[in-house]
Each structure stands twice: as structure tokens, then as C-alpha cells.
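The values are calculated or read from the model by the stated rules, or taken from the named source; none is laboratory data. In this text, all values refer to a predicted model and were calculated from it rather than measured experimentally. Virtual Cβ from ideal backbone geometry, glycine too; neighbours counted across all protein chains shown. Only protein heavy atoms, including side chains, enter the accessible area calculation; ligands, DNA and RNA are left aside. Shrake-Rupley method; radii C 1.70, N 1.55, O 1.52, S 1.80 Å.
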Amino acid sequence: MKSFISVAAILCGIACQPISSNISFDVSFDSSVSMKVLDGRLLLLISTDDSNEPRFQINDGPNTQLIFGQNVDALGANEQVSFGSEHFGYPIQNINDLKPGDYWVQALLHTYETFNLSTGHEVKLPMDNGEGQQWNRSPGNLFSTPIKITIEAGQSANFSIVMDQVIPPIEEAKDTEWIKHIKMKSDLLSEFWGRDMYLGAHVLLPKGFEDHPEASYPLMIFHGHYPSDFGGFRTTPPDPNMEPDYSARFNVSGYNIIQQQEAYNQYLQWISEDFPRFIIIEIQHPTPYYDDSYAVNSANQGPYGDAITYELIPYIEEQFRGIGEGWARFLYGGSTGGWEALAVQVMYPDEYNGCFAACPDPIDFRAYCLVDLYDNDNAYYYDSEHKQKNVPIPAHRDYLGAVNSYMQDSNFKELALGDKSRSGQQFDIWEATYSPQGEDGYPQRIWDKKTGEINKEVAEYWKENYDLRYILERDWDKLGPKLQGKINIYCGDMDNYYLNNAVYMMEEFLESTTDPYYGGEVDYGDRAEHCWNGDQENPNHISRLRYNTMYVDKILKRIKESAPKGADLTSWRYK
């Protein structure tokens, strides 16, 4: 009996081994969608969920579907490109590890343009086409209709996919009585990129703008991700026929109706008799790397900081009667916009008179989310001498601390979407903004994208040029007198991306300042998630809709305290 069991175990050990699949896909595009040869990132998207196209189902969380990617150069119509086991994927790295079952498959070509940079490098990158650097809906990208396939256990199979559709152009926003749209060529950016480059803005005009040609106005700059139009402002009540939706993020029913009501409330407040008259702008500054530039000068993206501050802002003030002086300009925003508001204030201290930075991206790289870029060796795992497996570093949590994605997840997704920091996603844009330029013209990696090993030389460059807490501490003797009373930071203490940790470190430094004391404000929302902005009375899903009005009282107080002698404090109050 004992020997029988041994033989049976051996036989089962052989027979029960899964037979390896050998799966491949051949992808091409039809001549009906393009007769040109195209460069870009070819993406293979695979989903077990047919409720939406696979291209709209890629994310960092547990419900993500599958993506594999590879670069293509000079790809012509009807030329086939094969996907196999050698092509990197997320969250499954090897396509042969697909489980047996039914799938919906789609291909998409994220097209690249060639840029001849002023640095002498030639790089291939996706130009924004009015969508704000969204690879799955960028006009001009090619894609296929999803098809259903079945993978059998141990199957060797090849599937053909033809991209026969192209994403159409996006219609530009139109001017209204209250909102104007401007677009200007930037000489600084055009020189860097070797082609015409433009900056845009949506401009909200104050009540009485046409009736008071003698008035000049302070400028409020709302920084953030790419805005297709001026958000959160409508001149009519909510649509009575609108069907209420559900916001999974906030666990709120009818959030679409709430958004419209808040937008209408802003209009009513904006036109009320006692509301101060400002100009508010939202800036369009997408780059070939992301949906915005982070509003600072960068080795890889060019002089966006100078272009916005010295080209775009004066142009807008000239067109719409802005006061045009640093004491009358204010910055605010959340998340990316929070980092931008603080960074621009720090790097252009005389050009702006205050920032209100909500839930900012990491402002101290000792707390780059949960990674210490200077002390840690790896961005994906905590080291352990005795555990068999290193402990993965979380990337996203809820307000109770439950983790649903890790640093490796986010970065592997980006690597599938694009190499050389070309994914258009969060970690790659930080790299494109903060890193020195590599010999190939692309950003130097802060860490190895596959292993997570941190490059300490690149980290040191980041520290000297973009670590805002470090820069303030290093240069406080020069910056302090120019920034006194101008720095205000807000963050939830359960920020989903752990951004509050860097804010704690920044606060510790700011509270230690003397000669002068910084004289601003740092505040936290109890158990508040991303992106808490300083409102202690309302939940996130409400306060996030009120950026354009919530700091007004503080701005007026700052103007009263700091405006130079002889400054225009009356024309914009219509007095």
C-alpha cells in the first residue's frame, strides 16, 4: 500500500501539472483609419468584465483589468505586431499566465510625436490633443472594438485584432458672458520643445466687468489638473430632469445634482452685492508627459514656471484689467494643484501674495507617500532581515486604514502603459518634473521601475531642486522675509495617499522658524481623506466644490495687511 501511494503521488505530480499556455495576439490597424506610419505605445487590453470597454478599466485597485504594452516605430497600415510572453503586463506580467476563461480584448495605439529639444535630444512623446493627457480618450489614438475570446486550459492560440477606429477631436469650450477662454503661444516653451507650444486658461470675470472699465482686479489662480472648461460655475439651477447618480468615492447618492447645485450657489454668491470682485483663472498647461506641468521649470519639460508666471499671467492681466502686481495675485489648489500653489509661491516669492495648498503632493521627500527617498533603498518593499518575504509598501488606503493598492501596483501599471516616464501617470510625472535629463533625452529614473531600487544620485538632485521643505529650510534666511504670512497648508490626517506625513514634516519646520516666523497656517481634517482643503464644517464631497469661494476672507485679510502704500484697494470694490 505504501509503495502504491508513492507511485500514485508521482503520477499525480506529473499529470496534475498545469499545461503551459502559449498565447499570442497579432495587432494591426486598418488603412481606413490612417495611411501614415505611426510611432507610439501599442496597448493590449484584456478584461473579464463586459460592462465597459477594457480601455476604461485599468486602475491601481483590486478591480483593475489587464494591460500589456510595447513600443512601435514607423508602424504602417495592416502591419502586424505580436504580443507574447516577452511583453510586460499589469497586473499579470506574463500573458501566458492568463487563467482559462472568457475575455474581452481590445487594442489601442497611443500615438507619439517626435520633438527636437533645445538640449539637442530627439524624443518621442504623446502630444496632448485637448483631452488632458488621457491615453484612453486622446484624439487621434487608434483603437479596436472589443472582441470576446475564450482561452482553454493549456491552449496554444493566436488571436488577431484590427484597430479600425480613431478617437475624434474634442470641441473647444465656448465663451459665455462670465467665462472667457484664452490661448497663447509661449515663446519660452516653443524654444525648448522645438515646435509651437501653447498655454491656455479659463477666465471667470467679476460682476460689473463691462460696467466698470475703470476697475482693475486682483487675480486668483486655481491650480490643478487639466480643466476642459471652468468648473463649478453655472448660471441656472440644477436640471430638474436629471437622474441622480451614485458616487462610490464619497458614498453619496445624487452627487451629480449636488454638484450642479453647488455650481449654481457659486454663481449666486459671485453676483451678490457684497462679494468682492476678483478675476479667477484655471490654467491649461498639459505637457507631453502629463495633464499639467506642475507649474515649475524642469529639465525634462522646460520652463513652464517662467512661462506661466512671466508670459501667461501678465497676458491675462493685460487682457482683463488685472492689477498686475505681486500683492494682488493669489494661488490655491488641491493635490497636484496644492503642490503647485505652494511650489510656485516658494519659487516666485515676490510674484504672488499667498498660497492655500490643500492635500499637496509630497512636499518633503522623506515622506514621498510612504517612501523616504533619502534613507530607504527600495520604493516597493520595506527591508526585513528575517521575514521570508519583504513587506510591501502601501500606496492607497481609506479613512480606516484599509489598504487596496501598493507602490509596486501603481508603478507596474505605469510601466505597462509606457517606458521612459511616458505613461502619463502620477509617479512618471513626478519623475519627469523633478529628475535630471538622461543621456537619451528622457528623465532619469528615481528608481528601477521593475525592482524599486532607489537611485540616490537622482534623489539628491530632487532634494536640491524640488523638495519644498528642504528648500525652505536651506534658504529661509532669503525666502523667509518674502514668504511671511503667505504659506497656508491643509490636509486630512487620513489622506488616501499618505500625503499628510510630509505636511507634518513641513509643519515642524515652519513652526520652528524665527526671524521671521512664517506666520501662516497649517490645519488638519480629522479622519479626512484626500483631498481635504481646510473646511472644518463640511464633508469632503462638499468642500471640494467650494475652492473658488472658501479662501476669499483670508485673501481679503491678507490684502489689507500687506498691500503697499498707494495700492488700488477701491476700484475693484466699485467704490
Going through the stretch 277-296 one residue at a time, which ones are part of a loop (DSSP other than H, G, I, E, B), farther than 20 Å from residue 133 by Cα and either of a type in the set (Ser, Thr, Tyr) or open to solvent by less than 10 Å² (accessible area, probe 1.4 Å) (or both)? 278
Taking the criterion of being open to solvent by 20 Å² or more (accessible area, probe 1.4 Å), closer than 24 Å to residue 483 by Cα and in contact (Cβ under 8 Å) with a residue 60 or more places away in the chain, would at least one residue in the stretch 347-354 satisfy it? yes
Would you confirm whether any residue within the stretch 205-227 is within 20 Å of residue 266 (Cα to Cα), out of contact with any Phe, Trp or Tyr (no Cβ under 8 Å at 6 or more places or on another chain) and part of a strand (DSSP E or B)? no
Which numbered condition trips up residue 162, out of (1) farther than 30 Å from residue 31 by Cβ; (2) open to solvent by 20 Å² or more (accessible area, probe 1.4 Å); (3) touching a residue at least 60 places away in the same chain (Cβ under 8 Å)? (1)
Can you find a residue in the stretch 411-434 that is part of a helix (DSSP H, G or I), open to solvent by less than 10 Å² (accessible area, probe 1.4 Å), of a type in the set (Gly, Ala, Ser) and touching a residue at least 40 places away in the same chain (Cβ under 8 Å)? yes
Quick one: residue 455 ticks every box in (1) open to solvent by less than 20 Å² (accessible area, probe 1.4 Å); (2) over 24 Å from residue 500 (Cα atoms); (3) touching a Phe, Trp or Tyr at 6+ places or on another chain (Cβ under 7 Å) bar one, so which box is it? (1)
I need the full set of residues from the stretch 547-575 which are open to solvent by 70 Å² or more (accessible area, probe 1.4 Å) and at positive phi, in order please. 566
For residue 544, only one of the following conditions fails: (1) touching a Cys at 6+ places or on another chain (Cβ under 9 Å); (2) open to solvent by less than 30 Å² (accessible area, probe 1.4 Å). What is its number? (2)
Given the conditions (1) over 28 Å from residue 138 (Cα atoms); (2) aromatic (Phe, Trp, Tyr); (3) open to solvent by 40 Å² or more (accessible area, probe 1.4 Å), which single one is not true for residue 217? (3)
Tell me yes or no: at least one residue of the stretch 376-388 is among the polar types (S, T, N, Q), without any contact (Cβ under 8 Å) to a residue 40 or more places away in the chain and outside any strand (DSSP E or B). yes
Which one is nearest to the chain's Cα centre (by Cα) among residues in the stretch 145-159 that are open to solvent by less than 70 Å² (accessible area, probe 1.4 Å) and among the small types (Gly, Ala, Ser)? 157
Quick test of your reading of the structure: residue 56 fulfils all but one of (1) under 19 Å from residue 148 (Cβ atoms); (2) over 31 Å from the mean Cα position of the chain (by Cα); (3) modelled with pLDDT of 95 or more. Name the failing condition by number. (2)
Condition first: out of contact with any His (no Cβ under 8 Å at 6 or more places or on another chain), touching a residue at least 60 places away in the same chain (Cβ under 8 Å) and either open to solvent by less than 80 Å² (accessible area, probe 1.4 Å) or among the hydroxyl-bearing types (Ser, Thr, Tyr) (or both). Now tell me which residues in the stretch 49-73 satisfy that. 53, 54, 55, 58, 59, 64, 67, 71
Across the stretch 181-213, the tally of residues that are within 24 Å of residue 553 (Cα to Cα) and not aliphatic (A, V, I, L, M) stands at 6
Out of the residues in the stretch 297-311 that are assigned to a strand (DSSP E or B) and closer than 18 Å to residue 342 by Cβ, state the one that is least open to solvent (accessible area, probe 1.4 Å). 298
Out of the stretch 519-537, which residues are free of Cβ contacts under 8 Å to residues at least 40 places away in the same chain and farther than 23 Å from residue 280 by Cα? 519, 522, 523, 524, 525, 526, 536, 537
Which numbered condition residue 224 fails, given (1) small (Gly, Ala, Ser); (2) surrounded by 18 or more Cβ atoms within 10 Å (Cβ to Cβ); (3) farther than 26 Å from residue 322 by Cβ: (3)
List the strands (runs of 3 or more DSSP E) inside the stretch 75-190, counting only whole elements, that have at least 1 residues being within 30 Å of residue 61 (Cα to Cα), modelled with pLDDT of 95 or more and among the aliphatic types (A, V, I, L, M). 81-83, 101-116, 122-125, 147-151, 156-163
